[in-house]
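What follows draws every value from the coordinates through simple rules; no lab data is involved. Just so you know, these numbers come straight off a predicted model, no measurement behind them. In this analysis, Cβ positions are derived from the backbone assuming ideal geometry, glycine residues included, and neighbour counts consider all displayed protein chains.
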Amino acid sequence: MKKLFAPWRSEYASDFGEEKKEGIKKNKCLFCSQLKENKDEKNFILKRFKHSFVMLNKYPYNAGHLLILPIKHTATLSKLSKEELSELMELQSKSIDILFSTLKNDGLNAGLNLGKAAGAGIPSHLHIHLLPRWQGDTNFMPVIAQTKVISFDLSKFYKQLKKEFDKLAI
């Protein structure tokens, strides 16, 4: 079996490294704290809806890596009401359309990492990953040189996507 390691994620994924970095107490949720701050541009929150919100991932695997989250702090889909779940799924569908039309990506990965063992960096707050993909976008810099190449400006992508999410009604 071949193994591909992503060492640049270890600090973030292990023991909520990001929460420690930003001075948030370990038992508090990073996503809930960012929502309460009401500093959407700083936290890359693209849009808030009645039961959910969408944001850019601060530690993306690829350009345009989105997170879609329920506002309710829960680790599982089963804890969401039908209305909350419906809005979350509709937001996922419309976000995929926005990514394809705006970024012109060739494909897209969508998924949930439920629990730490499944790779969830913040397992206590459910979030859906949308990962735009392009032909030939995989490289081996992280494996060979322990360096993750981020070839885009997160703020630029935020402004570009924000225009499209501002038009979105759910």
Going through the cross-link list K79/K159; K39/K167; K36/K104, which pairs have a Cα-Cα distance over 30 Å in this structure? K79/K159; K36/K104
Starting with the highest mean, order 99-112, 52-65, 124-137 by the number of other Cβ atoms within 10 Å, averaged over the residues of each peptide. 52-65, 124-137, 99-112
Within the range 41-60, name every residue whose backbone N is under 20 Å away from a label modeled 7 Å from Cα of S155 along the Cβ vector. 41-47, 55-60
What is the extension gain from K116 to I170, computed as 0.36 nm multiplied by their sequence separation minus the C-alpha to C-alpha distance, in nm to one decimal? 16.4 nm
